[in-house]
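**Q** Attaching a single structure in C-alpha cells format; questions to follow.
Just so it is clear, none of the values below were taken in a lab; they were calculated from the coordinates. Not measured: the values here are computed from a predicted model. Ideal geometry is used to build each Cβ from the backbone, glycine not excepted, and the neighbour counts take in all protein chains shown.
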There are 2 protein chains.
Amino acid sequence: VRTVQGTVEEALAEISGERVVVHGASRTDAGVHAEGQVASARFETRLAAPTLAKALDAKLPADVGVVAVDPAPDSFHARRDAVGKLYRYAIWNGRRRSPLRRTRFAPVQQPLDVAAMRAAAASLAGRHDYSSFQNSAAEWRAEGVRRDRARSAVRTLHRLTIRGEAGGELQLDVVGDGFLRGMVRTLVGTLVQVGQGRRAAESIPGLLAAQDRRLAGPTAPAAGLCLVRVAYDPDELREIAGL
Amino acid sequence: VRTVQGTVEEALAEISGERVVVHGASRTDAGVHAEGQVASARFETRLAAPTLAKALDAKLPADVGVVAVDPAPDSFHARRDAVGKLYRYAIWNGRRRSPLRRTRFAPVQQPLDVAAMRAAAASLAGRHDYSSFQNSAAEWRAEGVRRDRARSAVRTLHRLTIRGEAGGELQLDVVGDGFLRGMVRTLVGTLVQVGQGRRAAESIPGLLAAQDRRLAGPTAPAAGLCLVRVAYDPDELREIAGL
C-alpha cells in the first residue's frame, strides 16, 4: 500500500543516503487529505533547509508536496509535541451529484437542518470522554491496528463550528487537543444524522455518556476530511480555535 | 478517446433507444472543466424532465453529472443560441507546488504583478479582432480541426477581471459573446507574461492589431480553465458580465 509517509521516507532516504523514519502529526486514513500536515524525521544532511525542501519536493510524486522544511531540536516529535489540530470536513448538500467536488466533498443529498446540527455541535464541543466516537473494534481490526483499551478516551474539542447553508457547501471545522481514531468522521456522521432529522440534537449528552460506538452515527466518507493545521504552542492553538 | 459529449450521447441512447447527437454550448478541450455546460439534444421520450435527469445522471460515470434537464423548442441549439459565456481560469501563484490544487489550478511560481495584469486585461476587453489569440495552424492540425480562415475573428469580451493576490490563488473571469479556439487559454498565457514582467501591458493594443498568433503568449494549461455559465438572453448576459 502506497502511503504519504512511505513516499516521504523514500525520498528522504534517497537524499540522505540513510534509512529515515518520518513521524506525521496525524495518522490520516486512506482518502483523507492534508494541506497542513507536519512531520518530523531525524537524519544527517549538509543541505540547508530551503535547499532540502526543494530537493525533497522534486523527488515527490504529483499528489504529495512539501510546503517547508525547518530544523528542529533533537527532542521534537511532530505527533507527541502537537497541542492541537484543525480538521475541516466538507459536505456537498446539493440535490445533484457534483463531479467536480467528488474528491474533496462528501455528498449528502437531503437538505440538512443546519441549525439542529449547530445545536448538536455545541453539545459535542468541550471536554468529554469520546469513546462513542472512536472506531469500533471491527474497524480497528480491519485497519490492522491494535486498540489500547487502557488509554483514556477523554479529549478536549476547542471548536466544532459549521459554515455554509443547506443545499450548498457546508464546512465543519473541528479543533481538538487530540483525536481518537475515526473520531472526526464519526462526529460528522452523527451530526449529519441530526441534520437529517434522524437523531435529536438533545440526544448528544446521552450519547457521550453511553461511551458506546454502536450508538453513534456512521463513519463519514474519508474524501470530505482534510487536516488543515497543527498547533505546537498555546498561541497557535488559540489561533486555530478562533479564541 | 473518451469525451463528455460521447459519454452523454451513449447514456441518452440507452434511455431513448435511438441514436442521439448532443450539441454542447462550448467544445472544451481535454482537461478543461465545466460546472455550467449546456447541451441540446433531440429525441423522443415519455419521461418527464426531472425523471429523465435522474435516469441520465444514474447512467453517467463519476466524473460527469447532470444538473438539470429542461424541455426546449425544436429550434433550440445550445451552441448557436448562446449569447455569452463565462469562463474562469484559476492560477496557483504560491512558491511551492500545491498537490491539492493540481487538477483545477495552473501553477505559476514567480510572484505575479497583478496590477500590470489588470491593466493589460483592460486593453484586451472590448470588441476586437482576436486573431492573435486563436490556436495556431499547428495547434489546429494537432486537434484535427480544419480552420476556417474566412470566418471573422472579431469578438466582444464584456468582462476580463482578475481576483486574488500575488502569491496566492488568482481567478481570471472572462465573459464574451463568443470565443475562438484556444482563445481564453492564450489570453491567460499572455496576461501571465505581463505579470512576470516579460511583456508590457502597453504592448497589448499592438498585439491585437498585429493579428498574429506567434506574437501572443503561450497557451495556458487546460487544467486551470472552467466553463462556469452560458447565457441565452440579454438578462443572463448582463448578469454574468456583472453589468
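**Q** Mind giving me the FRET efficiency for residue A:118 and residue A:156? R0 is 25 Å, r the Cβ-Cβ distance, nearest 0.05 is fine.
**A** 0.80
**Q** Still on this structure, please answer the following. For Cα pairs less than 8 Å apart in space and 6+ apart in sequence, what is the mean separation divided by the residue count of the stretch B:172-243, i.e. the relative contact order in percent?
**A** 38 percent
**Q** Test of understanding: express the Cα radius of gyration of chain B as a ratio to 2.2 N^0.38 Å, with N the residue count.
**A** Against the empirical 2.2 N^0.38 Å value, I get 1.08 for chain B.
**Q** To the nearest whole number, what is the average tally of beta carbon atoms from other chains within 10 Å of the beta carbons of peptide B:91-99?
**A** Across B:91-99, the average partner-chain Cβ count within 10 Å equals 4.
**Q** Per-residue ellipticity at 222 nm for chain B, helices alone: DSSP H runs ≥ 4 residues times -39500 (n - 2.57), over residue total, nearest 500 deg cm²/dmol?
**A** When only DSSP H runs of four or more count, the value is -8500 deg cm²/dmol.
**Q** Tell me the trypsin sites (Lys or Arg not before Pro) within the stretch A:38-77 that lie in a loop according to DSSP and have at most 16 other beta-carbon atoms within 10 Å.
**A** A:42, A:46
**Q** Suppose we consider the axis relating copy A to copy B; can you name the residue of A with the nearest Cβ and state that distance in angstrom as an integer?
**A** So the closest residue, with its distance, comes out as A:103, 4.
**Q** According to a simple spin-label model (label point 7 Å from Cα along Cα-to-Cβ), what is the distance in nm between residue A:46 and residue B:80?
**A** Rounded to a tenth, the inter-label distance reads 7.2 nm.
**Q** Taking beta carbons within 10 Å but only from partner chains, what does the mean come to for residues A:30-38?
**A** Mean number of neighbouring Cβ atoms from other chains: 1.
**Q** Which distances, shortest first and in nm, link residue B:98 to the matching position in the other copies, using label points set 7 Å out along Cα to C-beta?
**A** In ascending order, 1.7 nm.
**Q** Output ³J(HN,Hα) for the stretch A:116-132: one whole-Hz value per residue in order, computed from phi by the Karplus curve 6.51 cos²θ - 1.76 cosθ + 1.60 with θ = phi - 60°, and x for Gly and Pro.
**A** Values, residue by residue: 5, 5, 5, 5, 5, 4, 5, 6, 7, 5, x, 10, 8, 7, 9, 3, 5 Hz.
**Q** Still on this structure, I have one more. So how far, in whole Å, is the C-alpha centre of the stretch B:161-219 from the one of the stretch B:9-67?
**A** Here the answer is 32 Å between Cα centres.
**Q** Can you tell me which lysines have their Cα less than 23 Å from the Cα of residue B:85? Leave out same-chain residues fewer than eight positions away.
**A** none
**Q** Next up: Apply the Karplus curve 6.51 cos²θ - 1.76 cosθ + 1.60, θ = phi - 60°, to the phi angles in the stretch A:174-182 and return the couplings in whole Hz, x for Gly and Pro.
**A** With the stated coefficients, the stretch A:174-182 comes to 10, 10, x, 7, x, 9, 6, 5, x Hz.
**Q** If you average the sequence gap of Cα pairs under 8 Å that are 6 or more apart and divide by the length of chain B, what percent do you get for the contact order?
**A** 27 percent
**Q** Counting only residues 5 or more places away or on other chains, whose amide H sits under 5 Å from the amide H of residue A:42 once H atoms are built in the peptide plane?
**A** A:21
**Q** Starting from a label point 7 Å past Cα on the Cβ side, list the distances from residue A:118 to the same position in the other copies, nm, shortest first.
**A** 3.4
**Q** Shortest first and in nm to one decimal, what separations exist between residue A:242 and its copies in the other chains, measuring from label points 7 Å along the Cα-to-beta-carbon line?
**A** 2.7
**Q** Mind ranking A:12-25, B:69-82 by how tightly packed they are, going by the mean number of other C-beta atoms within 10 angstrom, highest first?
**A** A:12-25, B:69-82
**Q** While we're looking at this one, here's another question. Using each residue's phi in the stretch B:76-92, evaluate 6.51 cos²θ - 1.76 cosθ + 1.60 at θ = phi - 60° and report the 3J(HN,Hα) Karplus result to the nearest Hz, with x for Gly and Pro.
**A** 5, 9, 4, 8, 5, 8, 5, 9, x, 9, 10, 9, 10, 10, 10, 10, 9
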